[in-house]
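Presented below is the structure to which this report refers.
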Amino acid sequence: MDNNYLNKILNKARELDASDVHLSTNLSPYVRVQGDIRVLSEFKELSGKSILDIALNTMDKYAQETFVKNFQVDYVYSNSNDKSRYRINVFKTHNGISMAFRQLNIKIPTLEDAGFPEIFKKICSLEKGLVLVCGPTGSGKSTTLATVLDFINRNFEKHIITLEDPIEYLHETKKSLIEQREVGRSVKSFADGLRSALREDPNVIMIGEMRDKETIKMALTAAETGHLVFSTLHTMSASKTIDRIIDSCEASEKDLVRSMLSTSLQAIILQTLFKRSNNIGRIPGFEVLVATGGIRNMIRENKIHQIDSMIQTGFKYGMITMEDYIAKLIESGLIDRQDALSKITKLDDTKE
């Protein structure tokens, strides 16, 4: 099957303002619209061979070799017809082959256009330390990091190195020098790339995800030694984020990691997406923890369970609770009250 049929599916997905497209063996295509999955019943069911043809037509040689070796692969596909870009995951199931497409914005939004809180500009102006963007899968963490890096790129004379898997947003050197490396293609792993980056004179390092204890420890070292480090974690609260970092290390190392984190952490940004009230796209909601002296002491003294409550009293430091941020979105008419409250209930359940 050639790419013409794929283009028809992707065109329909864009008409519906879908964030994701799913192709599964012996099923019609599915899309995710406003966070909900729906079937494109006007399209025929796709055989495993048809999906494999589509996959091979969107892969380069490296992606093909990786898929054969690992039975799954992540890569970015650029559609030459309309210049659209997609992050694609191809994987095998008991039914056959499947593909998941995530549409990527061609244009990186600015902090102003995206309506991000003012504290983001202060975070972008930091000279060193660790900033973590957290939230569930599909909550827009990669877009937030791209927006933050673009602000630094446009406003400061820095050397920025990114380590990504895969590279989703393409940055051009502006006021800063920015260099992007992709795991598997230009570097073997996040840890290897981070180890190398420390010898490449960076001011800012962006790690797509802190997946293992080696990467976490090196990120903390980089943040402690004068670099501004951004990364992501799939966590649902500030305390869970800190626990995840500490628990990733051996018992004998936890006190050291706790000490390093207490001195290097600058901010934790928790985000999730809400349906817009006009049913056109989604909008992020944010919770922001700023690492004050009191919070650093809590980390050092292993009183992590008290940290989430500190956000409620940290307004003067630029901290934001998810509830307050959502209340403003509701008041401005950008999101529906019932939908937002339902989402918050689900988020609270995951914090337990």
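The values are calculated or read from the model by the stated rules, or taken from the named source; none is laboratory data. Quantities reported herein were computed from a predicted structural model and do not represent experimental measurements. For neighbour counting, all protein chains shown are included, and Cβ atoms are generated from backbone atoms with ideal geometry for every residue, glycine included.
For the reader, a short list of remarks on this structure follows.
- Of residues in region 73-83 being among the polar types (S, T, N, Q) and touching a Phe, Trp or Tyr at 6+ places or on another chain (Cβ under 9 Å), the one nearest to Lys61 (Cα to Cα): Ser78
- Residues in region 57-83 that are surrounded by 13 or more Cβ atoms within 10 Å (Cβ to Cβ), hydrophobic (A, V, I, L, M, F, W, C) and in a helix (DSSP H, G or I): Ala63, Phe67.
- Hey, Asp324 in contact (Cβ under 8 Å) with a residue 24 or more places away in the chain and assigned by TED's automatic domain parsing to the domain that holds Gly281 or not: no
- Thr147 being touching a residue at least 24 places away in the same chain (Cβ under 8 Å), in the same structural domain as Ile320 (by TED's automatic domain parsing), surrounded by fewer than 15 Cβ atoms within 10 Å (Cβ to Cβ) and not charged (D, E, K, R): no
- Residue list for region 117-130, restricted to those being over 18 Å from the mean Cα position of the chain (by Cα) and either in contact (Cβ under 8 Å) with a residue 60 or more places away in the chain or not in a helix (DSSP H, G or I) (or both): Glu118, Ile119, Lys122, Ser125, Leu126, Glu127, Lys128, Gly129
- Just one of the listed residues (Glu172, Glu118) is closer than 30 Å to Leu329 by Cα and at pLDDT 90 or above, namely Glu118.
- Lys49 being more than 26 Å from the chain's Cα centre (by Cα), outside the structural domain of Ile335 (by TED's automatic domain parsing) and part of a loop (DSSP other than H, G, I, E, B): no
- Of the residues making up region 104-116, those that are assigned to a loop (DSSP other than H, G, I, E, B) and surrounded by fewer than 19 Cβ atoms within 10 Å (Cβ to Cβ) are Asn105, Ile106, Lys107, Pro109, Thr110, Gly115.
- Checking Thr173, Thr232 one by one, the residue that is within 30 Å of Ser84 (Cα to Cα) and assigned to a loop (DSSP other than H, G, I, E, B) is Thr173 and no other.
- Selection count where residues are free of Cβ contacts under 8 Å to residues at least 12 places away in the same chain and closer than 26 Å to Lys122 by Cβ, scope region 227-269: 1
- A single entry from Arg244, Arg211 fulfils the requirement of being at pLDDT below 90, crowded, with 16+ Cβ neighbours inside 10 Å and under 22 Å from Ser142 (Cα atoms): Arg211.
- Close pairs (6 angstrom Cβ cut-off, 6 or more residues apart or separate chains): under 9 Å from Phe190 (Cα atoms) in region 204-215, of a type outside the set (A, V, I, L, M) and assigned to a strand (DSSP E or B) anywhere: Ile207/Ser231; Gly208/Glu164; Glu209/Thr232; Met210/Ser231
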